[in-house]
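Here's the structure, in structure tokens; my notes come after.
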Number of protein chains: 4
Amino acid sequence: MSLAESRPRPDGPVRGRPRSEAVERAIIEGVMKLLEDGVSLAELSVERIARTAGVGKATIYRRWSGKEELFIDVVRAVEPADPELPGVCMRDDLVVLLENLRQRGLASRTSAMLHNAHAQMKSSPRIWAAYHANVVAPRRALGLEVLRRGQRDGELRTDVDLELANDMLVGPMLTRAVLRPDAELPEGLAEQIVDTVLEGLRPVRSTAS
Amino acid sequence: MSLAESRPRPDGPVRGRPRSEAVERAIIEGVMKLLEDGVSLAELSVERIARTAGVGKATIYRRWSGKEELFIDVVRAVEPADPELPGVCMRDDLVVLLENLRQRGLASRTSAMLHNAHAQMKSSPRIWAAYHANVVAPRRALGLEVLRRGQRDGELRTDVDLELANDMLVGPMLTRAVLRPDAELPEGLAEQIVDTVLEGLRPVRSTAS
Amino acid sequence: MSLAESRPRPDGPVRGRPRSEAVERAIIEGVMKLLEDGVSLAELSVERIARTAGVGKATIYRRWSGKEELFIDVVRAVEPADPELPGVCMRDDLVVLLENLRQRGLASRTSAMLHNAHAQMKSSPRIWAAYHANVVAPRRALGLEVLRRGQRDGELRTDVDLELANDMLVGPMLTRAVLRPDAELPEGLAEQIVDTVLEGLRPVRSTAS
Amino acid sequence: MSLAESRPRPDGPVRGRPRSEAVERAIIEGVMKLLEDGVSLAELSVERIARTAGVGKATIYRRWSGKEELFIDVVRAVEPADPELPGVCMRDDLVVLLENLRQRGLASRTSAMLHNAHAQMKSSPRIWAAYHANVVAPRRALGLEVLRRGQRDGELRTDVDLELANDMLVGPMLTRAVLRPDAELPEGLAEQIVDTVLEGLRPVRSTAS
DNA sequence: CTGTAACCGAGACGGTACGTCCGGTCTTATA
DNA sequence: TATAAGACCGGACGTACCGTCTCGGTTACAG
């Protein structure tokens, strides 16, 4: 997706000096770096962003209406593509999805995006809405799709609420990554979660596993 | 615990006019009301708090070092006591715990506390640490205790990681309450989560349930 | 005249910390110095004044609505008192008045005030109006008074327009000080002007002088 | 004098599209109109001039280094030719010169030029220097020439400083036109000034007039 | 009962950032 | 090459809060 398309110049024929893409990149990179370095979005000011990127404030306001809109584009520039699913069996696809989530929880960039997007949820709902639409919703749709296929193929109980099933898988990972930032995300976590959730916690499972 | 003890006057013999407890309550109540009305902690300023409570700024700074410390006391004043557990069987105790979580997710006060505490996690880790220690940790300990008892009583597989088990139960509720604020928390949700998690998602459960 | 009276606090009873007179003086002194150093009023910004005086911008805006109003107070602080007139004869009084004008044209402070006040005449007429009322008008009234007394005492033709007479005396001095800043104001200039103007330019004056 | 000559194209052989003289006139006319309408030179910006004239900013900067240089050309375009002197007697010639000065003080164009040129004296001395050389100096030379001739022909005292005599004549007119913009310049003013200055202010003039 | 010390409200203080506007320079497409 | 348009960096605008400070006035304990 071209960034320019989302913040178009007002009208039709292009006249005058065009906006510099280099400047645009410098601004977005600057914000990215600052967030990555632990500066929260609330602490960021347009003034500081401009100073960091060596850019006039007007140059930023010409493109975005404020740091919130800018942050949305930063998220877009950072989030990786959807993971490729092997498609062999539901269990393995779920592991891939959760492993992808784990990786993003470990990466400082995507992690910082998530934390800051969520932190601004109350003060500027637009940010969280955009983050949700661009990042959360696609992965969620993917997960539901995998579960639906699993149900069709007999790998999943047919009487279970798919939304709830998805939350049971994603919840433990998010809880650790988002709400307990001191928690670790060890290597086998994705498999462990998927298998435990599929198996259930009842002790009577003699034949399974 | 007396609030006054946590923000003591500097030294020994009490001289001069004592601090007014009424003023103290007015300040905390004011902050509570503002947060409840959708004003985020980031948008709050000591200036505004003082105006709202009809109080001088110095009166606030005399007691707390800033709005973060003040917020911690607000949280303390708001959070209810731990729920009482029937203790009959693990499943019912878990339902009570999750139901308690659901209620707190529905209550505007406690919900606002959680959201704001988490939103400030990055910018002021002290807030989240205090919230965690005062609110999260006790409930978490309670949950782990219930699970441990269940394991001992044969209601829970012995080979499951208790931390993970707890996250599987709490995760879906928190995911909905915290990360998807548009999601509903319908009435039977606690039972539904507990039962589905205990049962697992595998289809082969002909005899169980 | 007390400066405080001209920029009063909004209402009646004095509450809160009173405004610092030291800060007030520092600001006015700072502007004075800058103008004296050749910085024109147009080049001055409130930002710069604040930086120079080591003062916050709000501290300036709390007292004055902008640099124009501030300048008016600077003028008030700089202009010296009216000269004392010997009152023996009209000719000597006129010399004293013109000598006073010459001195003020030579002094960098008063000279800078005049030039800047006049330069802003078009862009902010309030400045020139205030300067005129505070500085020009009193001296002019003084001059007219002296001339009127001279007319009464037979030292001045009775058929001459007093306004014009005053302009004839003051004009040459101002022309040199204001419109031809490279011109000198040599020591005997006041006497020379007064005597030449009184005497006239016609050659037939054999007996006089 | 061709205006183009004073702002030449950089070098030798003329290549590419030639500069439009219509554009040049439009710019100068625009500035003239703005000044005449009471907009001070300090309030003018190249940006605004360009907008008014419907011209790109670069088109202006290609010809002049800034609004100051442009203003000098505007002055050149506005100032009328020197007055023709009858040459019969000094007194009448002086009246013609002062009447010419009065007319220019009454005309909005020339008056605006003078005020703005003088207002910018401090901030951009080049403007006043140019104005002085182009407008003031020639008239002044003319006046001194007339006085010198009058001295030779016995119409003027030989012991008077010609520079001072000139200032005595011009001063009252300028004082009113420049420093007291509310003052009127009534019809017979030129004669009144000349006659009063020649005659002097002493009452003993029984035979004269 | 009187000092006196800490309290209280208000608001001034030096700063920082806000979002807007305009300065002069630079860079494009078009003529 | 000239032109009109407009992006570029920089900097001032006047406002809002920041956290500290300094007022006049209040309150409650100690002597």
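The values are calculated or read from the model by the stated rules, or taken from the named source; none is laboratory data. Since this is a predicted model, take the numbers as computed values, not measurements. Note: ideal-geometry Cβ built from the backbone for every residue, glycine included; neighbour counts use all protein chains shown.
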- Query: Is it fair to say B:R63 is farther than 21 Å from B:T110 by Cβ, in contact (Cβ under 8 Å) with a residue 40 or more places away in the chain, within 13 Å of DNA strand E (Cβ to nearest atom) and not assigned by TED's automatic domain parsing to the domain that holds B:M121?
  - Reply: yes
- Task: State which residue is farthest from the other protein chains (Cβ to nearest Cβ) when the search covers only the stretch A:45-71 and only residues that are among the β-branched types (V, I, T) and more than 9 Å from DNA strand F (Cβ to nearest atom).
- Result: A:T52
- Query: Would you say B:A112 is small (G, A, S) and either within 17 Å of B:P172 (Cβ to Cβ) or surrounded by fewer than 21 Cβ atoms within 10 Å (Cβ to Cβ) (or both)?
  - Reply: no
- C:V88 assigned to a helix (DSSP H, G or I) and more than 15 Å from DNA strand E (Cβ to nearest atom): no
- For D:R104, are the conditions met, namely being closer than 27 Å to D:I49 by Cβ and in contact (Cβ under 8 Å) with a residue 40 or more places away in the chain? no
- Query: Among the numbered criteria (1) basic (K, R); (2) out of contact with any His (no Cβ under 6 Å at 6 or more places or on another chain); (3) under 18 Å from C:H118 (Cβ atoms), which single criterion is violated by D:R157?
  - Reply: (3)
- Task: Inspect the stretch C:143-160 for any residue being closer than 21 Å to C:M32 by Cβ and surrounded by fewer than 19 Cβ atoms within 10 Å (Cβ to Cβ) and give the result as yes or no.
- Result: no
- In the stretch A:74-96, residue nearest to DNA strand F (Cβ to nearest atom) [restricted to those that are touching a residue at least 24 places away in the same chain (Cβ under 8 Å), over 15 Å from A:W128 (Cβ atoms) and among the acidic types (D, E)]: A:D82
- Select from the stretch D:44-68 the residues that are buried (at least 18 other Cβ atoms within 10 Å of the Cβ) and within 15 Å of D:N116 (Cβ to Cβ) and list them in ascending order. D:L44, D:I49, D:K67
- Message: If C:G38 meets every condition in (1) within 14 Å of another protein chain (Cβ to nearest Cβ); (2) more than 16 Å from DNA strand E (Cβ to nearest atom); (3) crowded, with 18+ Cβ neighbours inside 10 Å apart from one, which number is that one?
- Response: (3)
- Would you mention how many residues in the stretch D:125-142 are surrounded by fewer than 19 Cβ atoms within 10 Å (Cβ to Cβ) and touching a residue at least 40 places away in the same chain (Cβ under 8 Å)? 5
- Item | From B:V23, B:V14, residue being within 16 Å of DNA strand E (Cβ to nearest atom), more than 14 Å from chain A (Cβ to nearest Cβ) and modelled with pLDDT of 90 or more | B:V23
- Which of (1) modelled with pLDDT under 85; (2) more than 11 Å from the chain's Cα centre (by Cα) is the odd one out, the single condition D:V78 does not satisfy? (2)
